[in-house]
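The values are calculated or read from the model by the stated rules, or taken from the named source; none is laboratory data. None of these values were measured; they are calculated from a predicted model. In this analysis, Cβ positions are derived from the backbone assuming ideal geometry, glycine residues included, and neighbour counts consider all displayed protein chains.
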Ligand code: 5AD
Ligand code: SF4
């Protein structure tokens, strides 16, 4: 049994991180006729980890199911970014425990993801939830098959305290055959004071560029139309190894001929002119950038450890808008960081009013144990924080609608991804600028980039018809 320890999370030097080529083979009949239920919470990184977990389960013969009652193994892939993640974990555990006690004593219950990297959570699982069978962390998903094959009657906890290695030959059961996630780096070196990620996912470890390119080339060969390069701070790609910069990597990925290249997430600190220029130059690098602001107050940004001022953010924002034609920019904003004053909050609103973001994900600050901000004394009450969030959302939504209305009566290219969830008679897809469009059109257009006339604009989506 290994226990995660927040202090160890960033202990390894970059020389100690190994690039390992996995060569794993399993008997696909081992769990034949057995079913798995997998639920994933959180960011794109977790969603992509979920694709690995599914592939690993299926390599042993498991098939997927949508219900816990029908399953032989349930895996919860958790997120730790905000407090409400805990409620989801415990709600899920309650349902699984009930099922195991009442109907299926052989049910295997597994917990993984970012919460499994938290010492307090693991201690609680040991003490109060002995019916949980396996716990594994973000650094050792590759051990899942062995954990299931060697499962014994006792709770089995395998979580690496330090950051893991960089693995290649990872199997994925991709959710789409049109667009794919491609990891380019793991972990994060930024240590923003509110953020748990550098502890749950460790220090930044970049994949080698030739491996990334190989993966994208393989996706192109298999008919994929879009890749999204994934990392907590993609702009810092390559800084921990001797390899390309992110701008150079983007150029190489663009050279593979994939129709659409996207990337998330960018930190303003590492955003270079080279990056802006390559996005502007290449038609297959999408004019869409998620550029988290977090706060518009330089004082709060300093307390957050963000390494830029309000003015520097605005300068970068303008440079991007002036260089990349029709670029859409979205953002993340936290309100109610410890001791955020009315004036600080007003500054955030001022930046939002100036930037008029295409959309924004907004959050109330949530203290995360082990992070520096969690130790800061906070005199602001929750009611004030909630009022700030509501006010911010009102403004953010107004600008989202404004941005969407600019598309009215225009014809734009849309990658059609599937049948609309809201209306089975419609298709859905995304513009190059990442606007969701519900489209009237023929099903055989799924997987194609088609010209769509935009007929209606709402805050969160567009309507259109194929031209
Ligand atoms: N509280 C609230 N929001 C947070 N985020 C990260 N950590 C916290 C926290 N402790 C937000 C940031 C980040 C996004 C993914 O989640 O805005 O960009
Ligand atoms: Fe967290 Fe900051 Fe790293 Fe983003 S850049 S993952 S907010 S520490």
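Residues in segment 159-198 that are farther than 12 Å from residue 139 by Cα, in contact with a strand residue (DSSP E or B) (Cβ under 8 Å, 6 or more places away or on another chain), part of a loop (DSSP other than H, G, I, E, B) and within 16 Å of ligand 2 (Cβ to nearest atom): 184, 192, 194. I'm trying to understand the selection: among the residues of segment 417-435, which are in a strand (DSSP E or B), buried (at least 17 other Cβ atoms within 10 Å of the Cβ) and within 22 Å of the chain's Cα centre (by Cα)? Once the filter is applied, which keeps residues that are in a strand (DSSP E or B), buried (at least 17 other Cβ atoms within 10 Å of the Cβ) and within 22 Å of the chain's Cα centre (by Cα), segment 417-435 yields 417, 428, 429, 430, 431. Could you check segment 16-62 and list, in sequence order, the residues that are within 16 Å of ligand 1 (Cβ to nearest atom), at pLDDT 95 or above and in a loop (DSSP other than H, G, I, E, B)? Residues satisfying the conditions do not exist here. Every condition in (1) at pLDDT 95 or above; (2) surrounded by fewer than 18 Cβ atoms within 10 Å (Cβ to Cβ); (3) more than 29 Å from residue 12 (Cβ to Cβ) is met by residue 178 except one, and the failing one is (2).
On the basis of being surrounded by 22 or more Cβ atoms within 10 Å (Cβ to Cβ), away from ligand 1 (no atom under 16 Å from the Cβ) and over 15 Å from residue 265 (Cβ atoms), does residue 220 make the cut? Answer is no for this residue. Restricted to segment 269-374, the set of helices (runs of 4 or more DSSP H) holding at least 2 residues that are within 13 Å of ligand 2 (Cβ to nearest atom) comprises 298-304. If you filter segment 252-268 down to residues that are within 16 Å of ligand 2 (Cβ to nearest atom) and touching a strand residue (DSSP E or B) at 6+ places or on another chain (Cβ under 9 Å), you find that the one that is farthest from residue 227 (Cα to Cα) is 266. A single entry from 240, 255 fulfils the requirement of being away from ligand 1 (no atom under 16 Å from the Cβ) and at pLDDT 95 or above: 255. Of the residues making up segment 79-92, none is modelled with pLDDT of 95 or more and outside any loop (DSSP other than H, G, I, E, B).
Filtering 270, 283 for residues that are under 30 Å from residue 340 (Cα atoms) and either surrounded by fewer than 19 Cβ atoms within 10 Å (Cβ to Cβ) or touching a helix residue (DSSP H, G or I) at 6+ places or on another chain (Cβ under 8 Å) (or both) leaves a single hit, 270.
Checked against (1) free of Cβ contacts under 8 Å to residues at least 40 places away in the same chain; (2) buried (at least 18 other Cβ atoms within 10 Å of the Cβ); (3) more than 21 Å from the chain's Cα centre (by Cα), residue 242 passes all but a single condition, namely (2). Of the residues 407, 399, the single one that is surrounded by 14 or more Cβ atoms within 10 Å (Cβ to Cβ) and assigned to a loop (DSSP other than H, G, I, E, B) is 407. Give me the residue from segment 299-330 that is free of Cβ contacts under 8 Å to residues at least 24 places away in the same chain and surrounded by fewer than 20 Cβ atoms within 10 Å (Cβ to Cβ) and, out of that set, farthest from ligand 1 (Cβ to nearest atom). So the residue we want is 322. Scanning segment 201-229 for residues that are in contact with a strand residue (DSSP E or B) (Cβ under 8 Å, 6 or more places away or on another chain) and not in a loop (DSSP other than H, G, I, E, B) yields 205, 206, 211, 212, 215, 216, 219, 226, 227, 228, 229.
Here residue 315 qualifies as more than 23 Å from residue 114 (Cβ to Cβ) and at pLDDT 95 or above.
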